Amino acid sequence: MIENLNLYPKEEFHIAAKVDISDSLIQNLSSNADYVALAAKYTLVMGEAEWHYFKGIPTKNLLIPIQQETENVNKFIAVYYDEQQFIKKVKIMSIEKIQNGFSLAFSDAEEKREVKGIYKHNKYIETQVNGQAVVVQGEVTTMGLQDCLQAGFEGLPLWLKSFCVVACGAVWTGAGLAACAGCLVGLGIDC
């Protein structure tokens, strides 16, 4: 467990804490089949892994960077914990810099289904599932996926929005991509 960490300081809403490899929750990752499969597939940068917390949200989540394969894409393993500190799910999260914006994508551990939100000029544009815009009866719709992906950038409560919008608005830098990912994972967003 992380010791001597004040989860609710007076002035901070989002807290990122470096991972201690001897932490029992980190040690327990090896018992999760999804994590083990992803760790075998990718080169993880555990030295940059972080716990993410938000004031008022009783869970914590883990963000583990994957060694960057391309310059404009940052990938992470996102491990979501419940209030009892058990793993709820493991996902791949990626943020890609695109012209005039970025895309935010989540995929399951098997990477068979990817849900991606496209954002340009700081606005949500569309949702894609496995590279295709979600279409129902000839019209583009996002039915709930839009709500999740839009919440990941625009739809946050005002007291949280200022943190994640600043982080996600700076995605043209590697640090900005990581900060955006941490902000969103800390909120538990996992479309």
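For the stretch 34-56, a residue qualifies if it is outside any strand (DSSP E or B) and touching a Ser or Thr at 6+ places or on another chain (Cβ under 9 Å), and the qualifying residues are Val36, Ala39. Flag: Asn72 does not match the condition of being polar (S, T, N, Q), in contact (Cβ under 8 Å) with a residue 24 or more places away in the chain and touching a Phe, Trp or Tyr at 6+ places or on another chain (Cβ under 8 Å).
Among all residues of the stretch 130-147, there is at least one that is closer than 22 Å to His52 by Cβ, at pLDDT below 80 and surrounded by fewer than 18 Cβ atoms within 10 Å (Cβ to Cβ).
Filtering the stretch 38-81 to residues that are over 21 Å from Ile95 (Cα atoms) and of a type in the set (A, V, I, L, M, F, W, C) leaves Ala40, Ile57. Taken together, the residues in the stretch 72-88 that are open to solvent by less than 40 Å² (accessible area, probe 1.4 Å) and more than 18 Å from Ile189 (Cα to Cα) amount to 1. Of all residues in the stretch 53-67, those satisfying the criterion of being closer than 15 Å to Ala179 by Cβ and out of contact with any Lys or Arg (no Cβ under 7 Å at 6 or more places or on another chain) are Phe54, Asn61, Leu63, Pro65.
Residue-by-condition table, conditions (1) modelled with pLDDT of 90 or more; (2) surrounded by 13 or more Cβ atoms within 10 Å (Cβ to Cβ); (3) touching a Pro at 6+ places or on another chain (Cβ under 6 Å):
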position: Glu12; (1), (2), (3): no, yes, no
position: Val19; (1), (2), (3): no, yes, no
position: Asp23; (1), (2), (3): no, yes, no
position: Ile26; (1), (2), (3): no, yes, no
position: Tyr42; (1), (2), (3): yes, yes, no
position: His52; (1), (2), (3): no, yes, no
position: Pro65; (1), (2), (3): yes, yes, no
position: Thr70; (1), (2), (3): no, no, no
position: Val90; (1), (2), (3): yes, yes, no
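The values are calculated or read from the model by the stated rules, or taken from the named source; none is laboratory data. Note that this is a predicted model, so its numbers are computed, not measured. Backbone-built Cβ (ideal geometry, glycine too); neighbour counts: all protein chains shown. These accessible areas exclude ligands, DNA and RNA; they are computed on the full protein's heavy atoms, side chains included. Shrake-Rupley method; radii C 1.70, N 1.55, O 1.52, S 1.80 Å.
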